[in-house]
Amino acid sequence: MPGFRPTRRWLTRATLGAAAGAFQAPGWLGAALAQGAGKPGGTLRIGMAAPNTTLDPHFQSNAPNNAVASHIFDALITNDARSLSRPGLARAWKVLDDTHWEFQLREARFSDGTDFTAEDVIASLQRANDIPSSASFRTYTRSIKAMTAPAPHRLLIETQGPDPLLLNSLGRLRIISADHKDAPTTEFNNGNAAIGTGPLVLQEYEPGSFLRLTRNDGWWGGRLPWNEVVLRLITDDGARLAALLSGELDIVEAVPSQGAERVKGSPGFHLIRGISSRFVYFAMDQRRDVSPFITDHAGQPLEKNPLKDRRVRQALSMAISREALVERVMAGDAVAAAQFLPKGSAGTSDRLEAVPHDPDAARALLAEAGYPDGFRLTIHGPNDRYVNDARIVQAVAQMFTRIGIATQAEVLPWSVYSRRNSGAEFSLSLAAWGVNTGETSNPLKALVATYDKKAGMGASNSGRYSNSELDRLVQQALRTMEDGARNALLAQACEIVFTDHALLPLHHEVSVWAARKGVTCETRADQYTLATGISRA
């Protein structure tokens, strides 16, 4: 596709100007703010709550990065709003046997005009598997043994063993041009390698501020109703909502409860709600013998890490009032969690219930574990990533303090926090996981399977929890093609995780968007805000 692509020189100039406090928004942005979605073929202006950290679709797997990448790059399989597998760049597929799959590919073009072929898929999946990253996509590529392209639009994939979730995994891996398979991440961030087959074409990118994209009229999925899409990155809830209500934006995501009340009282705007698959939890350091943010009450390191003791983990869980978090912190826009997905979902256990709030029992467990006077703890979380994230951390710190664990809350910008949390730096940290497969093998292998970078297991296991029986069940489930048998194995694995208190479950988010009247969006279980799902009502 013809059109301007940002260059290293442009990005450097914009970034340096912003760093100096002198960056002025380009003239087009002011025009875009005045030309909203109400004008046919105009500009769609979306307010995003969390900043992406890269435009490299294979470098770091998290929701902001993946959502932004979905505008520029397609995947072989499209995961729809309910996480079901639909045709993407693969228009059809069939299972040849337990370990061989055949895909028929579309005829499509990259935004630079070059043809899309199976070689681009092979190069992309190999790059996603091999690129060094703190939050790897390898969990989605680990089962692939070999890939071949018998014809330009025919792809064969052989897996290491039976992989019942291969289609869903492929839906998380964006396809780049093989011409850029060796490009470093910087070449994607400056726009030179950000060449995709997706619905939109990158025009300008100011990290932490905005992206401007134009419609790809040759996209196989059809023409979007907007000539141009602007993604504005506004992490402050109040500022983001103010930009909507003042007419600068057409739709915003992650509306907090106090903001929802403002929208209800503002003519010309409306709320859009949808239950998400996002599981919010605390991870705990269960690897180190001495944990960096735990001390005695005099500030001296403890001889042993108390989080390695199941009784301490259970006490922490019993100290949390999930009802208070849901009703007061989340203002009802959440559901208390007992496991990765609500009971009844595929791969969940009927035996698990939310841990009851019982401070007295929690204090007794601490005493039994050898901590009758508690200890000091710092818990960490982001302040601009999840709905009410900073308030959650502060509220839970107070709950822990009430059982004798003197707890300090420390929150950080997501750009800093995500890197440190991925590196397992913290003792106890807030996190969330979109269970976007609609079943539990995905969070089991990513969040609690024993960390094995090479195998792609435990890629987001920041507490480094390890349990050999859990690993055995997960591995067996991942090789079981029959749904009923696989879900029974996954349910057993979930029981191990949550009876061992490997994680502290908090809640499942209810996603809330606000939009101008006349603009609506498809709510997604993965909580992505995608221009392809926004329409004029």
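Screening Pro306 on (1) of a type outside the set (Gly, Ala, Ser); (2) farther than 30 Å from Leu490 by Cα; (3) in the same structural domain as Asp384 (by TED's automatic domain parsing); (4) in contact with a helix residue (DSSP H, G or I) (Cβ under 9 Å, 6 or more places away or on another chain) shows it passes everything except condition (2). Remark: pairs (first residue in the range 150-161, of a type in the set (Val, Ile, Thr); second residue in a loop (DSSP other than H, G, I, E, B); Cβ separation under 7 Å; 6+ apart in sequence or on different chains) = Thr159/Thr99; Thr159/Ser143.
Go through the range 487-537 and count every residue that is basic (Lys, Arg) and modelled with pLDDT of 95 or more. Quick ask: steps written out before the conclusion?
Step one: list which residues in the range 487-537 are basic (Lys, Arg), which gives 516-517, 524, 536.
Filter once more, keeping what is modelled with pLDDT of 95 or more: 516-517.
Qualifying residue count, the range 487-537: 2.
Yes or no, residue by residue, for (1) hydrophobic (A, V, I, L, M, F, W, C); (2) in the same structural domain as Ala128 (by TED's automatic domain parsing); (3) under 22 Å from the mean Cα position of the chain (by Cα):
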position	(1), (2), (3)
Met147	yes, yes, no
Arg154	no, yes, no
Asp163	no, yes, no
Leu167	yes, yes, yes
Leu173	yes, yes, yes
Pro207	no, no, yes
Leu211	yes, no, yes
Asp217	no, no, no
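When the range 276-294 is limited to residues that are at pLDDT 95 or above, closer than 30 Å to Glu439 by Cβ and charged (D, E, K, R), the one that is surrounded by the fewest Cβ atoms within 10 Å (Cβ to Cβ) turns out to be Arg287.
Identify, from the list Arg223, Arg273, Arg232, Arg262, the residue that is part of a strand (DSSP E or B), modelled with pLDDT under 95 and over 30 Å from Val474 (Cα atoms). Working first, answer last.
Details: Arg223 fails: part of a strand (DSSP E or B); Arg232 fails: modelled with pLDDT under 95; Arg262 fails: part of a strand (DSSP E or B).
After ruling out the rest, the residue left standing is Arg273.
Of the residues making up the range 56-98, those that are crowded, with 19+ Cβ neighbours inside 10 Å and aliphatic (A, V, I, L, M) are Ala63, Ala67, Val68, Ala69, Ile72, Ala75, Leu76, Ile77, Leu89, Ala90. Residues that are part of a loop (DSSP other than H, G, I, E, B), over 14 Å from Ser345 (Cβ atoms) and touching a Ser or Thr at 6+ places or on another chain (Cβ under 8 Å) within the range 424-446 comprise Ala424, Phe426, Ser427, listed in sequence order. The requirement of being modelled with pLDDT under 95 and either farther than 29 Å from Trp433 by Cα or in a strand (DSSP E or B) (or both) is not satisfied by Arg172.
Right, Ala446: closer than 22 Å to Lys308 by Cβ, buried (at least 23 other Cβ atoms within 10 Å of the Cβ) and assigned by TED's automatic domain parsing to the domain that holds His501 or not? Break it down into steps so the answer makes sense when it comes.
Values: closer than 22 Å to Lys308 by Cβ: yes; buried (at least 23 other Cβ atoms within 10 Å of the Cβ): no; assigned by TED's automatic domain parsing to the domain that holds His501: yes.
Here the answer is no, as Ala446 does not meet what is asked.
Among the residues of the range 330-340, those identified as surrounded by fewer than 22 Cβ atoms within 10 Å (Cβ to Cβ) and of a type in the set (A, V, I, L, M, F, W, C) are Ala331, Val335, Ala336, Ala338. For the range 240-259, a residue qualifies if it is in a helix (DSSP H, G or I), surrounded by fewer than 23 Cβ atoms within 10 Å (Cβ to Cβ) and not polar (S, T, N, Q), and the qualifying residues are Ala242, Ala243, Leu245, Gly259. The criterion of being on the phi < 0 side of the Ramachandran plot and without any contact (Cβ under 8 Å) to a residue 60 or more places away in the chain does not hold for His71.
The values are calculated or read from the model by the stated rules, or taken from the named source; none is laboratory data. Everything quoted here is computed from the prediction, not taken from an experiment. All Cβ positions, even for glycine, are placed from backbone atoms using ideal geometry, and neighbour counts span all protein chains on display.
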